[in-house]
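Quick notes on the structure that follows.
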Amino acid sequence: MLNIKSFSDAAYDEIKERILNGFYTPGMSLNERTLSEDFGVSRTPIRAALQKLSIEGWIINEPYKKNVVKQFNLNEILEAQKVRTALELIAIVDASKNITDEDILYLETLVDEQEYTKDYSKSFSIDRIFHTFIYEKSGNTILLSVLNNISDIVRYFGLMAMYLPGRDSQTITEHRKIVSALKTKNLDKINEAMEYHMSQTTSALLQRLNIKENLTKKDSVRE
């Protein structure tokens with residue numbers, strides 16, 4: 001039962017969270033009546049929430065058709081990753097001028113925590129803390145504002161990439177290389193480490209997309 005904010009805002013927050021964490025998967029139909037029963041509210045706030053999510057591009061909401069969780073296409077994924085890569089490179093270059101030995105130890109602690117956790121959600125949470133800390137150390141307030149505006153899409157694609165088998169351990173190795181590069185204060189090495197990390201993240205996303213497409217084809221054949 002939703003009992004915070006207005007019913008429509010609460011429904012919006014919950015549906016969006018379920019999309020971002022993968023509970024509602026791309027292509028899944030979201031039925032107003034089912035959601036209404038699930039959340040314990042009338043269909044009116046559910047409808048308003050779905051309309052807002054449609055405007056933001058998370059749901060395909062067309063007249064006389066089912067509400068469907070959006071399936072991002074290859075071009076949209078590549079565009080999003082291109083923007084994120086550019087921002088990450090700006091952030092780490094600026095951050096490298098401000099990072100202290102204490103900050104390096106903190107980043108190393110984060111990587112250690114990520115390595116030893118067995119929970120994907122916690123691992124991804126640590127991953128976001130790692131990258132957000134670098135943004136914060138950049139001291140670039142405009143950059144932080146831009147990151148805040150695209151944080152949902154970064155989280156969504158980042159979590160999708162992390163779920164690729166073996167990607168979590170690769171991410172830890174790449175994070176260690178980023179920290180090692182920051183220690184050197186060598187901008188070329190710093191850029192190289194972050195750019196490699198972003199290219200591998202994009203690669204993992206594309207592999208996940210191919211896996212999903214292949215599974216869908218197999219399911220269609222069985223039917």
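Could you give the dipole magnitude of the range 130-199 about its Cα centre, charging the beta-carbon of Lys and Arg +1 and that of Asp and Glu -1, in debye to the nearest 20?
Around 220 debye, computed over the range 130-199.
For the chain, what does -39500 (n - 2.57) per DSSP helix run (n ≥ 4), summed and divided by total residues, give at 222 nm, in deg cm²/dmol to the nearest 500? Write down the numbers at each step before the final one.
Details: 10 runs with 169 residues, N = 223.
It comes out at -25500 deg cm²/dmol, rounded to the nearest 500.
Ignoring ligands, DNA and RNA, please state the percent of accessible area on the chain from carbon and sulfur, probe 1.4 Å.
52 percent
Along the charge dipole of the chain, Cβ charges K/R +1 and D/E -1, which of 86, 19, 131 sits furthest on the positive end?
19
Note down the relative contact order for the range 41-175 as a percent, whole number, built from C-alpha pairs under 8 angstrom at least six residues apart.
Reported relative contact order: 23 percent.
Could you compute how much accessible surface residue 182 exposes when probed at 1.4 Å, giving the result in Å² to the nearest 10?
Ignoring ligands and nucleic acids, residue 182 comes out at about 0 Å².
From the backbone phi of the range 69-76, what are the Karplus-calculated ³J(HN,Hα) couplings (6.51 cos²θ - 1.76 cosθ + 1.60, θ = phi - 60°) in whole Hz, Gly and Pro given as x?
Per-residue couplings from phi come out as 5, 5, 9, 5, 8, 4, 5, 5 Hz.
Of 199, 142, 71, which is farthest along the charge dipole of the range 66-223 in the positive direction, counting Lys and Arg as +1 and Asp and Glu as -1 at C-beta?
71
Amide H neighbours of residue 67 under 5 Å, at least 5 residues apart or on other chains, H built in the peptide plane: list them.
Here the answer is 30, since their amide H atoms fall under 5 Å of that of residue 67.
Take the alpha carbon atoms of the range 1-113, find their radius of gyration, then divide it by 2.2 N^0.38 Å using N residues; give the quotient. Provide the component values of the computation, followed by the final result.
Details: Rg = 19.5 Å, N = 113, 2.2 N^0.38 = 13.3 Å.
Against the empirical 2.2 N^0.38 Å value, I get 1.47 for the range 1-113.
Would you kindly state how much longer the chain becomes between residue 151 and residue 31 on full extension, computed as 0.36 nm times their sequence separation minus their alpha carbon distance, in nm to one decimal?
That works out to 40.5 nm of additional length.
If I take R0 = 22 Å and measure r between the Cβ atoms of residue 100 and residue 141 in this structure, what FRET efficiency does the formula 1/(1 + (r/R0)^6) give, to the nearest 0.05?
Approximately 0.65, to the nearest 0.05.
Counting heavy atoms of the protein chains only and a 1.4 Å probe, report the per residue accessible area for the range 6-85 as a whole number of Å².
56 Å²
Please report how far the C-alpha centroid of the range 80-139 lies from that of the range 1-57, rounded to the nearest whole angstrom.
Answer, in whole Å: 31.
Once P(r) over Cα pairs in 5 Å bins from 0, in percent is worked out from the coordinates, which option in (1) 1, 6, 11, 12, 13, 13, 11, 10, 8, 5, 4, 3, 2, 1, 0, 0, 0, 0, 0; (2) 1, 6, 13, 16, 16, 15, 12, 10, 6, 4, 2, 0; (3) 1, 7, 15, 19, 21, 18, 12, 5, 2, 0, 0 does it equal?
(2)
Hey, got the dipole for the range 1-113? About the Cα centre, +1 on K and R Cβ, -1 on D and E Cβ, debye to the nearest 20?
Dipole about the Cα centre, nearest 20: 1020 debye.
The values are calculated or read from the model by the stated rules, or taken from the named source; none is laboratory data. Please read all numbers here as calculations on a predicted model, not as lab measurements. Cβ: placed from backbone, ideal geometry, glycine included. Neighbour counts: every protein chain shown. Surface areas here come from the heavy atoms of the whole protein model, side chains and all, with no ligands, DNA or RNA. Shrake-Rupley method; radii C 1.70, N 1.55, O 1.52, S 1.80 Å.
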